[in-house]
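Heads up, the thing below is written out as structure tokens.
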Amino acid sequence: MHWRSIIRIVGLLIALLSVFMLIPAIVAVIYRDGGGTIFIQSFVVAFILGAILWLPNRRHKGDLNTREGFLIVVLFWLVLGTIGSFPFIFDSHLNLNLTTAFFESFSGLTTTGATSLTHLDTLPKALLFYRQLLQWLGGMGIIVLAVAILPLLGVGGMQLYRAEIPGPQKDNKMRPRIAQTAKTLWLIYIILTVVCALCLWFAGMDGFDAICHSFSTIAMGGFSTHDSSLAYFNNPAINYIVTFFLILSGCNFALHFATFSQFSLKHYFRDQEFRTFLMILASLVVVSIILIYLWNGLYVVSTSIDKIVLQVVSVATTTGFSVDNTNNWPPVLPILLLCASFIGGCAGSTGGGMKVVRVLLLSMQGSRELKRLIHPSAIYSLKLNNRVLPERIIEAVWGFFSAYALVFLVSFFIVMSSGVTAMDAFYIVSSSLNNLGIGIGDASDSFHNVTDLVKWVMVVDMLFGRLEIFTLLVIFTPAFWKA
């Protein structure tokens with residue numbers, strides 16, 4: 001391990017994050033409602049910490065191997081979450097303990113959107129903006145941002161990119177050079193954010209809310225500036241706009257790049273994963289409408305169709321916006337949607353869950369095994385977008401699924417051992433591991449009542465979900481630390 005090179009890069013990344021602390025401070029100056037001091041304090045502490053790590057090691061620029069790339073990503077997300085908690089710790093009005101401050105920070109950065117804060121409508125604008133900014137940075141990944149603008153990372157950029165980007169096929173690049181790929185991803189991300197903010201503004205949100213909700217929509221995070229989330233606006237146009245951009249954000253960003261480059265929509269509909277993604281969402285919307293109609297009647301459906309569509313898409317894509325009271329829905333429906341969040345968005349998107357492509361490959365593999373039972377000697381190849389997939393990818397998907405199930409079960413039993421009921425434990429772990437951020441039952445509105453132990457389990461699960469299980473799990477294996 002090139003430890004000094006690793007420390008140098010982590011120091012650079014911390015210094016990069018510290019600069020973003022100044023943006024909420026500017027918001028505090030604009031709105032003059034307090035809250036700016038905590039961000040100046042956070043900037044100073046983070047910048048000094050980054051300098052302390054970087055200065056003694058600034059001349060150590062050894063190339064990174066794959067192991068070191070994974071370690072940097074894990075270390076940085078841990079440090080990032082810690083630094084992100086500084087404003088919550090320094091804010092004397094919130095009066096949060098250390099656990100809750102860490103919980104709020106990691107929930108934002110991993111785009112989970114679970115919160116322990118209440119009375120959001122009374123909080124300073126700067127703090128509300130900061131929560132949304134955390135999600136926006138975590139959505140595309142601060143590592144990808146660093147690779148895009150810090151050529152000092154050199155050859156190691158590919159290792160960081162592979163460890164950060166979600167999905168089973170991590171070596172696909174849109175540009176010949178990795179820095180160009182990262183810049184392209186962030187350019188698309190910024191364009192979608194700006195267009196979403198403008199649409200929300202035209203639909204009736206004020207400028208502040210439009211920017212904040214565009215951050216959490218494109219990042220698929222689910223934080224809001226209001227306690228009642230999007231239900232606060234009670235605006236069908238806003239609901240449909242958010243739904244549209246959630247679908248775009250749940251799509252593989254490589255498809256956006258191909259579409260923008262060639263000015264053709266054909267790439268979306270030629271992609272098997274995206275077609276499956278749309279089919280899943282459409283099926284869930286139809287099933288939800290039918291069940292709500294049978295439960296509450298035609299009038300309720302006709303007067304809240306926009307809310308139903310947004311709520312379904314929001315949960316299924318692991319965003320977590322709340323726009324309707326699901327307690328008035330058939331009891332089976334919220335659980336069905338929570339289970340759908342295990343699928344999540346497409347690979348290469350800002351969504352959580354196992355990703356559509358993995359679930360698609362698992363179903364294709366199951367179908368192949370059924371055919372082999374009938375024709376044992378036949379050879380069946382799995383194809384995705386008319387391309388034969390290497391067996392190595394299928395094995396990786398099965399390994400990911402096994403690891404996902406293991407992490408879920410271990411977390412589930414730990415949460416249950418703290419005194420939480422089995423159903424609430426299922427909701428809490430599912431919401432954390434899938435980076436969904438909403439609960440049902442005792443934790444339906446806010447997680448401020450759960451114990452510190454449960455919050456720490458949720459933080460770990462958020463990281464597992466954001467880093468695609470293996471990136472975090474691999475550092476606990478003895479083989480990883482062997483020379």
Item to complete: Could you tell me whether residue 292 is surrounded by fewer than 23 Cβ atoms within 10 Å (Cβ to Cβ), touching a residue at least 40 places away in the same chain (Cβ under 8 Å) and farther than 24 Å from residue 352 by Cβ?
Response: yes
Response to the item:
Filtering the range 36-61 for residues that are surrounded by 15 or more Cβ atoms within 10 Å (Cβ to Cβ) and in a loop (DSSP other than H, G, I, E, B) leaves a count of 1
Discussion item. Would you confirm whether or not the range 85-94 contains a residue that is of a type in the set (D, E, K, R) and not in a helix (DSSP H, G or I)?
Written reply: yes
Worksheet item: Of all residues in the range 26-35, how many are at pLDDT 85 or above and buried (at least 21 other Cβ atoms within 10 Å of the Cβ)?
Response: 2
Discussion item. For the range 259-271, give me each residue that is outside any loop (DSSP other than H, G, I, E, B) and buried (at least 17 other Cβ atoms within 10 Å of the Cβ).
Written reply: 267, 268
Discussion item. It is to be established whether one or more residues within the range 287-298 are within 20 Å of residue 332 (Cβ to Cβ), of a type in the set (Phe, Trp, Tyr) and assigned to a helix (DSSP H, G or I).
Written reply: yes
Item to complete: Give the number of residues within the range 2-25 that are farther than 29 Å from residue 67 by Cα and either more than 26 Å from the chain's Cα centre (by Cα) or buried (at least 18 other Cβ atoms within 10 Å of the Cβ) (or both).
Response: 3
Discussion item. Looking only at the range 196-241, how many residues end up being under 19 Å from the mean Cα position of the chain (by Cα) and in a loop (DSSP other than H, G, I, E, B)?
Written reply: 7
Practice prompt. Give me a count of the residues in the range 369-399 that are under 23 Å from residue 270 (Cβ atoms) and in a helix (DSSP H, G or I).
Written response: 3
Worksheet item: Within the group 117, 128, which residue is surrounded by 24 or more Cβ atoms within 10 Å (Cβ to Cβ), over 16 Å from residue 12 (Cα atoms) and either of a type outside the set (D, E, K, R) or modelled with pLDDT under 80 (or both)?
Response: 128
Worksheet item: Quick one: is residue 402 in a helix (DSSP H, G or I) and closer than 24 Å to residue 110 by Cβ?
Response: yes
Fill in: Pairs with Cβ under 6 Å, 6+ apart, first in the range 411-425 and of a type in the set (Ser, Thr, Tyr), second in a helix (DSSP H, G or I) and at pLDDT 90 or above
411/429; 411/457; 411/461; 418/453; 418/454
Practice prompt. Tally the residues that are surrounded by fewer than 17 Cβ atoms within 10 Å (Cβ to Cβ) and assigned to a helix (DSSP H, G or I), restricting the search to the range 417-429.
Written response: 3
Worksheet item: Pairs, please: C-beta under 8 Å, at least 6 apart or cross-chain, first residue among the basic types (Lys, Arg) and in the range 365-384, second in a loop (DSSP other than H, G, I, E, B) and surrounded by 10 or more Cβ atoms within 10 Å (Cβ to Cβ)?
Response: 368/380; 368/382; 371/380; 372/380; 383/389
Worksheet item: If residue 112 satisfies every condition in (1) assigned to a helix (DSSP H, G or I); (2) crowded, with 24+ Cβ neighbours inside 10 Å but one, which is the exception?
Response: (1)
Discussion item. Among the residues of the range 338-364, what is the count of those that are surrounded by fewer than 15 Cβ atoms within 10 Å (Cβ to Cβ) and either polar (S, T, N, Q) or modelled with pLDDT under 90 (or both)?
Written reply: 1
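The values are calculated or read from the model by the stated rules, or taken from the named source; none is laboratory data. Keep in mind it's a predicted model, so treat the numbers as computed, not measured. Here the Cβ is made from the backbone with ideal geometry for all residues, glycine too, and neighbour counts use every protein chain on show.
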